[in-house]
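Remarks on the structure that follows.
The values are calculated or read from the model by the stated rules, or taken from the named source; none is laboratory data. This structure is a prediction, so every number in the text was calculated from the model and none was measured. Counting neighbours? That spans all protein chains shown, and the Cβs are built from the backbone with ideal geometry, glycine included. Keep in mind that these areas ignore ligands, DNA and RNA; they rest on the heavy atoms of the full protein, side chains included. Shrake-Rupley method; radii C 1.70, N 1.55, O 1.52, S 1.80 Å.
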Amino acid sequence: MTAAYLVRHSDEQEALQPLREALARREDPTSHKTYPGHVTCSAIVIDRHDRVLHIHHRILRKDLLPGGHIEAADTTLPDAALRELQEEAGIPSSALATLNGYADIPFDIDVHDIAANPDRGEPRHHHYDFRFAFHLLGERKMHLQPEEVTDFQWLPFPEVTAPTIASKLALLHRSTSS
C-alpha cells in the first residue's frame, strides 16, 4: 500500500522515509506498542458541500480528523479508519462511499511526532497516519464519543487543518470541476 501511494506521490519519498524504515523492521508496525513509531489510521469525510469533518480531541485539545490506533479486530487499514470514525463521530460505514480512485490507497500519509506520555508509559514517538477519504452520503447526525471528543465541525477544503490534505483536496477539486 505504501509503495502504491509513493508511485502516486513520488515527491513524498523523503517525508515518508521514517515510515519506510519502520516497515523494514521486524516489529509489527501496526501495534501501538511499537516504537519509535507505529501506523495509525484516519478518515477524511467529505460532505456534499465540499467540507471535511474535524473532531475536537479532548486530550490533545486540537481539531483533528477522526482516527486512531489499529486494533486486533481491524482486518484492513481502511477498516481501522472506519471503526475509529464510527466510535468517535457515530458515522457508520454504510453512510459513506470511498472517494473514487482511492479504494485501495490512502488519500494521504503523514508522519508526525507524538509527545511522551509518562502516565501511559509511552516515550516520544511517531505516528505514521494512513488517511483514507470517503464521501458522506446525505446528512448525518453526529454521536460523539465523550471520552475522546468534545465537539466537531465541518471545514471547507482551504481550512482543513492538515496542509497536505488541504493541498491534495484543492488539486482534486480543480480536476473534477474542469
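Looking only at the stretch 130-162, residues that are assigned to a loop (DSSP other than H, G, I, E, B), surrounded by 13 or more Cβ atoms within 10 Å (Cβ to Cβ) and charged (D, E, K, R) come to 2 in all. The single condition from (1) free of Cβ contacts under 8 Å to residues at least 24 places away in the same chain; (2) buried (at least 17 other Cβ atoms within 10 Å of the Cβ); (3) part of a strand (DSSP E or B) that His112 fails is (2).
Rundown of residues vs (1) at pLDDT below 95; (2) hydrophobic (A, V, I, L, M, F, W, C); (3) under 14 Å from Phe130 (Cβ atoms), yes/no style:
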residue	(1), (2), (3)
Leu6	no, yes, yes
Ser42	no, no, yes
Ile46	no, yes, no
Asp50	yes, no, no
Leu53	no, yes, no
Leu60	yes, yes, no
Leu64	yes, yes, no
Ile70	no, yes, yes
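Residue count for the stretch 2-22 under the criterion of being part of a loop (DSSP other than H, G, I, E, B), within 18 Å of the chain's Cα centre (by Cα) and surrounded by fewer than 14 Cβ atoms within 10 Å (Cβ to Cβ): the result is 1. Being of a type outside the set (D, E, K, R) and in a strand (DSSP E or B) is true of Ala43. Restrict the check to the stretch 96-107 and report whether at least one residue is outside any helix (DSSP H, G or I), out of contact with any helix residue (DSSP H, G or I) (no Cβ under 9 Å at 6 or more places or on another chain), open to solvent by 20 Å² or more (accessible area, probe 1.4 Å) and more than 24 Å from Arg8 (Cα to Cα). No, there is no match, as no residue in the stretch 96-107 is outside any helix (DSSP H, G or I), out of contact with any helix residue (DSSP H, G or I) (no Cβ under 9 Å at 6 or more places or on another chain), open to solvent by 20 Å² or more (accessible area, probe 1.4 Å) and more than 24 Å from Arg8 (Cα to Cα).
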